[in-house]
1. Show the residue pairs that are 6+ apart or on different chains and have beta-carbon atoms under 9 Å apart, the first residue being within segment 4-26 and on the phi < 0 side of the Ramachandran plot and in a helix (DSSP H, G or I), the second being open to solvent by 90 Å² or more (accessible area, probe 1.4 Å) and modelled with pLDDT under 80.
2. Out of the residues in segment 1-38 meeting the condition of being farther than 19 Å from PRO57 by Cα and of a type in the set (Val, Ile, Thr), tell me which one is most open to solvent (accessible area, probe 1.4 Å).
3. If you scan segment 27-48, which residues turn out to be in a helix (DSSP H, G or I) and more than 20 Å from the chain's Cα centre (by Cα)?
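The values are calculated or read from the model by the stated rules, or taken from the named source; none is laboratory data. Computed from a predicted model, the values in this text were never measured in an experiment. Every residue, glycine among them, receives a Cβ derived from its backbone with ideal geometry; neighbour counts consider all protein chains shown. Side chains are part of the model used for accessible areas, which takes the heavy atoms of the whole protein and leaves out ligands, DNA and RNA. Shrake-Rupley method; radii C 1.70, N 1.55, O 1.52, S 1.80 Å.
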Amino acid sequence: MVLSFFRLLFLIPKFLWNLAGIKRTIRKSKRKFKKALIKGGIPKELAEELANEYALPDDVISLNALAKISKYLKYTRRT
């Protein structure tokens, strides 16, 4: 039991690190998309609105959302 607890302690930081990497990639892609729109001749305000419209929201990839998904998966496995 102690060994499994230590494994869990090592998995949690790895999971959080991966989650941070995903969020960083999403934010970087949003910035690059906006920059490409501006470079293509679209006004800055419109490019910002389009980037916000098509970007994946940050709240989709959050600990609260992942907790809700895991609760949902536990519930569906029982039935």
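1. From residues that are on the phi < 0 side of the Ramachandran plot and in a helix (DSSP H, G or I), the pairs are LEU16/LEU63; LEU19/LEU63.
2. Filtering segment 1-38 for residues that are farther than 19 Å from PRO57 by Cα and of a type in the set (Val, Ile, Thr), the one most open to solvent (accessible area, probe 1.4 Å) comes out as VAL2.
3. Start the filter on segment 27-48 by keeping residues that are in a helix (DSSP H, G or I), which leaves 27-39, 44-48.
Answer for segment 27-48, where residues must be in a helix (DSSP H, G or I) and more than 20 Å from the chain's Cα centre (by Cα): LYS35, ALA36, LEU37, ILE38, LYS39, LYS44, GLU45, LEU46, ALA47.
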